[in-house]
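Where a number appears in this text, it was derived from the coordinates with a stated rule and is not lab data. Remember, predicted model here, so these are calculated numbers, not experimental data. In this analysis, Cβ positions are derived from the backbone assuming ideal geometry, glycine residues included, and neighbour counts consider all displayed protein chains.
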Amino acid sequence: MARLQRKRECHVHGTRVLVYKNTSDLFKDAANELFETLRRKPDANIGLATGATFLPFYKYVSSKYKIARTSFSKANTFNLDEYVGLERSDMHSYFTYMRTNLFSKIDIDQKNANVPDGSSKDPKAEASRYESKISRLGGIDLQYLGIGQNGHIGFNEPGTPFGSKTHVVRLSASTIRQNSKYFGNGKMPRSAITMGIKTINSANKIVVIAVGKAKASIVKKALTCKPNKKIPASSLKRNANVTFMLDNKSASLLK
């Protein structure tokens, strides 16, 4: 591998990969993708993710979007997923995460900030409604993704069909184990509403962000294995519009 300056660009089995020396540069470039999209298309539909990986991303976006001469006032956002059974006001809900870390800090019209309603009495109907709204508004222009240590994207667990649309999923034991730490003494929900793999891959552009040594193994598998249902992120290899943005640690097993 060539000596890194700010970043290095390569292709791994046909997928575009950017490897960054500093995570601050990674999140800056990831945010600039968003700003460019909004300048080009102010009413764009933006797919958003949650989790610890995206906290510095949202901090940068909320602090720099005005300086970047962009606005969310005409945009729609669609979050990937939400836990079933949590009220939106619950401190552990992704709705609260998004409101705290982004929605309350930008000029978005709150009715256009979409997160699946995990408190719905009919989660399957809510999943269908969410999918229909995405479709009705023309699909996702720019989708951000993290990647789970078991290869999930959104909450599409291993075994999820690549043709899936927004649906209710039973969370895997590994996902429950990884995410339970955020719930303290509270019991973590065992199911969620998530955009499907087909929904995600229908986006015009996809940015996958991974940082840290813990993600190195699954990043390598996702980028080098043949697309298969055991590793949902491997579905992205079929998509020419995907960019993986990695730090040195998450890219450490790539050659």
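The figures follow:
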item: Pairwise label distance in nanometres, Ser191 with Asn32, each label 7 Å out on the Cα-Cβ vector; result: 4.4
item: Cross-link reach list, lysines versus Lys105, counting only Cα pairs under 26 Å and skipping chain neighbours closer than eight places; result: Lys28, Lys41, Lys59, Lys64, Lys66, Lys74, Lys133, Lys205
item: Structure-based [θ]222 nm, the chain - -39500 (n - 2.57) summed over DSSP H runs of at least 4, per residue, nearest 500; result: -8000 deg cm²/dmol
item: Under the Karplus curve 6.51 cos²θ - 1.76 cosθ + 1.60, θ = phi - 60°, whole-Hz ³J(HN,Hα) for region 221-237, x wherever Gly or Pro sits; result: 4, 4, 8, 10, 7, 6, x, 7, 5, 5, 10, x, 5, 5, 4, 5, 5
item: Residues Val168, Val242 arranged by fewest to most Cβ contacts within 10 Å; result: Val168, Val242
item: Karplus 3J(HN,Hα) series, Hz, for region 102-107 with 6.51 cos²θ - 1.76 cosθ + 1.60 (x for Gly, Pro); result: 9, 4, 7, 10, 10, 8
item: Proximal charge balance of Thr166 [Cβ under 14 Å; K/R count +1, D/E count -1]; result: 0
item: Karplus (6.51, -1.76, 1.60) ³J(HN,Hα), θ = phi - 60°, over region 46-63, in Hz, Gly and Pro reported as x; result: 10, x, 10, 10, 10, x, 4, 4, 8, 4, x, 5, 5, 4, 5, 4, 5, 8
item: Positive-end residue, the chain charge dipole about Cα centroid, Cβ charges, pick of Gly51, Leu253, Ser71; result: Leu253
item: Geometric extent, Cα atoms of region 99-235 - Rg, Dmax (angstrom); result: 15.5, 42
item: Amide H contacts of Gly47 (H built 1.01 Å from N, under 5 Å, at least 5 apart or other chain); result: Phe78, Asp141, Leu142, Gln143, Tyr144
item: Nearest-20 debye value, region 16-247 charge dipole, Cβ charges on Lys, Arg, Asp, Glu; result: 540
item: Antiparallel DSSP beta bridges within region 16-247, percent to nearest 5; result: 30
